[in-house]
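The values are calculated or read from the model by the stated rules, or taken from the named source; none is laboratory data. Note that the structure is predicted; figures quoted are calculated from it, not measured. Please note: Cβ atoms are built from the backbone with ideal geometry, for glycine as well, and neighbour counts cover all protein chains shown. Please note that ligands, DNA and RNA were not included when accessible areas were found on the heavy atoms of the full protein model with its side chains. Shrake-Rupley method; radii C 1.70, N 1.55, O 1.52, S 1.80 Å.
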Amino acid sequence: MLSVRAVVRGWGAAVPARVVTNADLAADMDTSDEWIRARTGIRQRHIAGDGEYTSDLAAEAAGRALERAGLGPGDVDLIVVATSTPDHTFPATATAVQRKLGCGIGVAFDVQAVCAGFPYAVTVADQFLRLGQASTALVIGAETFSRLMDWSDRGTAVLFGDGAGALVLSAEADAADRGVLGCYLGADGRYYDDLFVDGGPSTTSTTGYLRMNGQEVFRQAVAMLSMSVIEALARAGHDLADLDWIVPHQANRRIIDAVGKRLRVPTEKVIVTVDRHANTSAASIPLALDLAAADGRLRAGNLIALTAMGGGFTWGGVVLRW
Ligand code: UT7
């Protein structure tokens, strides 16, 4: 039997030009480079400028991914944008990307699973492609989390950044051991209040600010990120020893190290970019993929596990052959 798989054809990323270092933040709030580095591993973040929207970053990253794939906007019939910071409450940021890139008519929508958004978006696109409902998908993680920051709350304001990353996935027949091999998603609404934004169209009519019970998120993150790798591997028919890379959501260096330790995976096999991007929510994994591909670590044929957790709580893992 021919197996149709969602195969990676291209990738790309975009970050705002403006870099804000820990020292820059320390000039305006009661924090320090030492505290931020020691507790999170973050050195800097990119922050979107006035008039620079989530869809701008998404379209730039997606354009690069299409170019790498040797495809044009007319080849895309599915756009899935993972974001919790859409340009507007509606329509979907995916339709803004569709317009900015000049894609033809196709399916375009957003997926909202906060920091777990990218595994969610890849899983949804994978189902469209394997079921024959689309042939080429842009799967994008794009965020401007700086717009959700309460800059008077040093406990959250130092943690986040803006950016976008994208993959082009195409349906290919007879691709048994290539592309997306296994996906696993989960959510548990009992944790709703531990990481949320205190505004929204149905509650306050304001955008609101991010609120977080950091220590609870930390505790659960280590367990959920580790479990998601194991579950996605099981669905892919692989085990930990087969993996070339783990690409975790980039929230905190200490969380990432704890996941590596729990899974007994050497640090060299875990991609870390939180130092330069901070936590970019749904964009963190595709940004990390782009960087690891650019510096030569990630190569064609590598087996990789993506893993993320975020508000909800939501979590998910994807195992794919690059
Ligand atoms: O994508 C998922 C979303 N988020 C996460 O994954 C984040 C998960 N949580 C974390 O990464 C950590 O819990 C934080 C980095 C947020 C906090 O680290 P922590 O080691 O749990 O610190 P803490 O909240 O226990 O705070 C320790 C101290 C406190 O001072 P006192 O009460 O001990 O005097 C805080 O007020 O550090 C203080 N503090 C700061 N000091 C300097 C909190 N934020 C800052 C800051 N600069 N920015």
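For the reader, a short list of remarks on this structure follows.
- Rg and Dmax of segment 163-276, Cα atoms only, in Å: 17.2, 51
- Scattering curve values for segment 120-162, log₁₀ I(q)/I(0), Debye with Cα scatterers, q = 0.13, 0.34 Å⁻¹: -0.48, -1.12
- Normalised by 2.2 N^0.38 Å, where N counts its residues, the alpha-carbon radius of gyration of the chain equals 0.92.
- Qualifying trypsin sites (Lys or Arg not before Pro) in segment 60-100, DSSP loop, other Cβ atoms within 10 Å at most 10: none
- Calculation over all alpha carbon pairs of segment 53-129 in 10 angstrom steps from 0 returns a P(r) of 20, 55, 24, 0 percent.
- Average accessible area per residue (Å²) across the chain - probe 1.4 Å, nucleic acids and ligands excluded: 42 Å²
- FRET efficiency for the pair Ser205 and Ala241, taken as 1/(1 + (r/R0)^6) with r the Cβ-Cβ distance and R0 = 56 Å, rounds to 0.60.
- Centroid-to-centroid, using Cα positions, segment 233-296 and segment 145-194 are 12 Å apart.
- Seen from Val247, the other residues with C-beta closer than 14 Å to its C-beta sum to a net charge of 0, counting Lys and Arg as +1 and Asp and Glu as -1.
- Pair Arg299, Glu268: separation of 7 Å Cα→Cβ label points (nm): 1.4 nm
- Against the empirical 2.2 N^0.38 Å (N residues), segment 207-253 has a Cα radius of gyration ratio of 1.49.
- Based on the Kirkwood approach, the hydrodynamic radius assigned to segment 38-95 is 13.6 Å, with every pair of different Cα atoms included.
- Annotation for segment 185-271: trypsin sites (Lys or Arg not before Pro) lying in DSSP loop with at most 16 further Cβ atoms inside 10 Å of their Cβ are Arg264.
- For Ser135 and Ser3, the FRET efficiency from 1/(1 + (r/R0)^6), where r spans their Cβ atoms and R0 equals 25 Å, is about 0.95.
- Dipole in debye (nearest 20) - segment 85-242, about Cα centre, beta carbon charges: Lys, Arg +1; Asp, Glu -1: 320 debye
- Segment 4-173: radius of gyration and largest Cα-Cα distance (Dmax), Å: 17.2, 56
- Sorted largest first, extent of segment 1-63 alpha carbons per principal axis (Å): 61, 31, 12
- Comparing Ser226, Val318, His238 along the charge dipole axis of the chain, the residue lying farthest to the positive side is His238, per the Cβ-charge model.
- Take every DSSP beta bridge whose two residues both sit in segment 203-322; close to 60 percent of them are antiparallel.
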